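Undergrad: The structure is given below, and queries will be raised subsequently.
Where a number appears in this text, it was derived from the coordinates with a stated rule and is not lab data. Being a predicted model, the structure only gives us computed values, none of them experimental. In this analysis, Cβ positions are derived from the backbone assuming ideal geometry, glycine residues included, and neighbour counts consider all displayed protein chains.
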Amino acid sequence: MSALTETIALDRSRTRTVRKAPSRSLDTLFRTFSYGAALLVLLVLAGILGSILYGGWPAFREFGFGFLTSSAWNVGTEQYGALVAVIGTVASAFLALLIGVPVSLGIAVFLTQLCPGWARKPVAMTIELLAAVPSIIYGMWGLFVFAPLFARFIEIPVSNVVEGLPIVGTLLYARVPSGVGVLTAGIILAIMIVPFIASIARDMLDQIPTVLRESAYGIGCTTWEVVRHVLVPQAAVSIIGAIMLGLGRALGETMAVTFVVGNANRLSASIFDPSSTIASRIANEFNEADGLQLNALMALGCILFVITFVVLIIARLLTRRVKAA
Amino acid sequence: MNAPTTIAQTDRHRPGRVRQGRRVADRLLRVSCTVATAVGGLVLGSILIMLIIRGIQGFTPALFTHPTPGPGSEGGGIANAILGSLVLTGIGITIATPVGVMAGTYLAEYGRGSKLAALIRFLNDILLSAPSILIGLFVYTLMVRPMGTYSGWAGGVALAIIAVPVIVRTTEDMMSLVPSTLREAGAALGAPPSTVIVSVTWRAASAGIVTGIILALARIAGETAPLLFTALNNNSWFSPDLMGGVANLPVMIYQFALSPYPNWQGLAWAGALLITATILVLSIIARLVIKPHTSR
């Protein structure tokens, strides 16, 4: 018996080609490649910052600190300032959070607490597909479907009511009720960031031990009380991180905003009036720009880089800390 | 000052009112959460209905066989834009796949516990949400400026930069799910690290890695902003040397949708329907394969 097995084993070793281990140098090469690829990520980020700093530098040198505080944007006289675009960016992103955060949290609570089991997967998938829709499609939907409805059913009635009133009369008055403007941009951005915030918030709510939830229900808490006093305090830090992540997206979103923000360089106190954001202005003017205008657009890009990256860094720090704990 | 105390006192005597307040708060929460979810579903539905109503009549054979027509002229299709988009996305994913998978491998295998890897992981997460228009500006400075012309290569590189972080993230996540015992078993047989990675870890994580690549594909297929300054657009047939503007669906949709010509607008809607349907199908495939926590 043992002789037989030996022959078989011998036969096998003879018929099968012996697999050689890759040489040492190949192994090192593989390692170097993966190291290099990882470093490339670092280089790209540095390259992005470097290239827009390089491109925007002439504008910063020309206008100095005044670039940030000037609302001029005149191609003829070569006077450029970032104020309108910066305010438009911040205002639309702020409105997006104001509308988007409650909706996303509502969706997260619905998915984790209220939704019957069979519907959970399809509903979650529907919400996540909202994140997959390309931004240009949101732009078209915003401009061709949402804006006309918004003008007819919101802008015109609201403008008629508030006309002449102090504060709200300027804040909510549309001189030309066209449906495009800062608020429309904010609403479209809200729809676009909802799936991101909702999906992170849902994961965070899911991670909370069921025992906590069940013991709260066990002492007679209603769903509202469980959410308010048990779930929200537990997940608060990471939910704030998720919100910041949404804010980072809203600040840099380009195509959808370009469609619906109106692209006007005008400082207006009304959120119904058209304005510009940094990204929409770059998208609109970059291809026709040269000379100082190009530098000014690059400088706008620098400002956008700084704002979004600060927001995103805070967001990642907040979401990370909870994961580690 | 007196009124609240009296209400509180009567409440204590009549517990039914307290319960009613709690019930109202609870009802409100349930209703508002359900409404929020319904609104999300309605928006998706409304977008799809809009695309189908406006885009479906543009779906003629000519759409896939003819290039984009000149301004104001009739007929034509978007064949050049479809082809250009396929090529640009192809270039993007071809560059991004090896880079992303190797970088993810470094983070999951070689760089475990190292500070550099932690930094790269952090910056990769930030790059994942970085405004895509800034990537367009970067590639413009890096390639379009020095080469003196818009090109398909620049467009492909811009898309690759957007795809890489997605692939890095999924690859790392999926490879760290592979149990260490598998790797140890491989190493115990005398296999060097690269062999263990290629024949054990990658093989075990392959479904997840492929999903990451599909997700990246879905992400870059609809990207418009980075192509504006890199590949731009072109109304003629696709030229294989990729220099000069290259027609592509997203920029075509952007330019045609905002144009005053009904024919162009019709083509834009048809293109929008085509691209959205493709991306939604890709995302559904990707999401059916793994759990959806990589979309962040």
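Undergrad: Just from its helices, what would the mean residue ellipticity at 222 nm be for chain A, if runs of 4 or more DSSP H residues each count -39500 (n - 2.57) and the sum is divided by every residue, rounded to the nearest 500 deg cm²/dmol?
TA: Calculated at 222 nm, the ellipticity per residue is -23000 deg cm²/dmol.
Undergrad: Okay, which of region B:40-66 sit inside 18 Å, backbone N to the point 7 Å along the Cα-Cβ direction of B:Ala277?
TA: In region B:40-66, the label zone of B:Ala277 (backbone N under 18 Å from the point 7 Å along Cα→Cβ) covers B:45-66.
Undergrad: Can you pull out the GluC sites (Glu not before Pro) in region A:162-226 whose DSSP state is coil and whose Cβ has at most 16 other Cβ atoms within 10 Å?
TA: A:Glu163
Undergrad: I've got another one for you. If I model a spin label at A:Val161 and B:Phe59 as a point 7 Å from the Cα along the Cα→Cβ vector, what separation in nanometres do I get?
TA: Using points 7 Å along Cα→Cβ, the separation is 4.2 nm.
Undergrad: Right, another one. Bin width 10 Å, origin at 0, all Cα-Cα pairs of region B:67-130: what percent of pairs per bin?
TA: Over region B:67-130, the share of Cα pairs per 10 Å bin runs 18, 28, 20, 15, 12, 6, 0 percent.
Undergrad: Report the Cα centroid-to-centroid distance between region B:47-81 and region A:243-291 in angstrom, as an integer.
TA: Centre-to-centre (Cα) distance: 28 Å.
Undergrad: I would also like to ask the following. In what order do A:Cys221, B:Cys33 fall by count of nearby beta-carbon atoms within 10 Å, going from fewest to most?
TA: Ranking A:Cys221, B:Cys33 by Cβ neighbours within 10 Å, fewest first, gives A:Cys221, B:Cys33.
Undergrad: Principal axis extents for chain B, Cα atoms only, whole Å, descending order, please.
TA: 85, 68, 35
Undergrad: Sticking with this structure for a sec: What ranking of B:Lys115, A:Lys121 emerges when the number of other C-beta atoms within 10 Å of each C-beta is taken as an exposure proxy, fewest first?
TA: Least to most surrounded, the residues fall as B:Lys115, A:Lys121.
Undergrad: Roughly how far apart, in whole Å, are the Cα centres of region B:169-198 and region A:126-150?
TA: Each part's Cα centre sits 43 Å from the other's.
Undergrad: When only C-alpha pairs under 8 Å and at least 6 residues apart count, what is the relative contact order of region B:111-238, in percent?
TA: 39
Undergrad: Can you compute the radius of gyration and Dmax for region B:16-56, using only the Cα atoms, both in Å?
TA: 17.6, 58
Undergrad: Sticking with this structure for a sec: Can you give me the angle between helix A:182-207 and the longest principal axis of chain A, using Cα atoms only, in degrees from 0 to 90, rounded to the nearest 10?
TA: Once rounded, one gets 30 degrees.
Undergrad: Additional query: Could you tell me, in Å, what Rg and Dmax come out for the Cα atoms of region B:78-195?
TA: 17.8, 57
Undergrad: Using a 10 Å cut-off around each Cβ, can you sort A:Ser71, A:Ser92, A:Ser135, A:Ser268 from fewest to most neighbouring Cβ atoms?
TA: A:Ser71, A:Ser268, A:Ser135, A:Ser92
Undergrad: Related question: Mind checking which of A:Thr28, A:Thr89, A:Thr222 has the largest fluctuation in a GNM of chain A, springs on alpha carbons under 10 Å?
TA: In the Gaussian network model the winner is A:Thr28.
Undergrad: Quick one: among A:Gly76, A:Gly262, A:Gly47, which has the greatest mean-square fluctuation in a GNM of chain A with alpha-carbon springs under 10 angstrom?
TA: A:Gly76
Undergrad: Let's see if you can work this out: charge +1 on each Lys and Arg Cβ, -1 on each Asp and Glu Cβ, no other charges. What is the dipole magnitude of the protein assembly as shown about its Cα centre, in debye to the nearest 20? Before the final figure, lay out the partial values.
TA: Numbers: 42 positive and 27 negative charges, 424 e Å.
In debye, rounded to 20, the protein assembly as shown gives about 2040.
Undergrad: Same structure, new question: Take the Cα atoms of region B:28-86, find their three principal axes, and give me the spread along each one in whole Å, biggest first.
TA: Extents along the principal axes: 55, 23, 20 Å.
Undergrad: How big is region A:155-233 in terms of Cα radius of gyration and Dmax, in angstroms?
TA: 20.8, 56
Undergrad: First check a/c for the protein assembly as shown, with a ≥ b ≥ c the square roots of the eigenvalues of its C-alpha gyration tensor; if it is under 1.5, answer rounded, and if not, answer prolate when a/b is larger than b/c or oblate otherwise.
TA: The shape class here is oblate.
Undergrad: For A:Leu53, project a label point 7 Å along Cα to C-beta. Then give me every residue of region A:289-310 with its amide nitrogen under 19 Å of that point.
TA: Counting only backbone N, you get A:295-310.
Undergrad: Another one. Return an integer: the convex hull volume of the alpha-carbon atoms of chain A, in Å³ per residue.
TA: Hull volume over Cα atoms, normalised by residue count, gives 275 Å³.
Undergrad: Of A:Val90, A:Val41, A:Val230, which has the largest mean-square fluctuation in a 10 Å C-alpha GNM of chain A?
TA: Per the Cα network of chain A with a 10 Å cutoff, A:Val41 tops the list.
Undergrad: Given the DSSP H assignment, sum -39500 (n - 2.57) over each helix run of at least 4 residues in chain B and divide by its residue total; what's the result at 222 nm in deg cm²/dmol, nearest 500?
TA: Per the formula, -23000 deg cm²/dmol.
Undergrad: A further question follows. Quick one: putting +1 on the C-beta of Lys and Arg, -1 on the C-beta of Asp and Glu, what dipole do you get for region A:33-181 around its Cα centre, in Debye to the nearest 20? Present the calculation step by step, with values, prior to reporting the outcome.
TA: Values: 5 positive and 5 negative charges, 69 e Å.
Using only the charged Cβ atoms, the result is roughly 340 debye.
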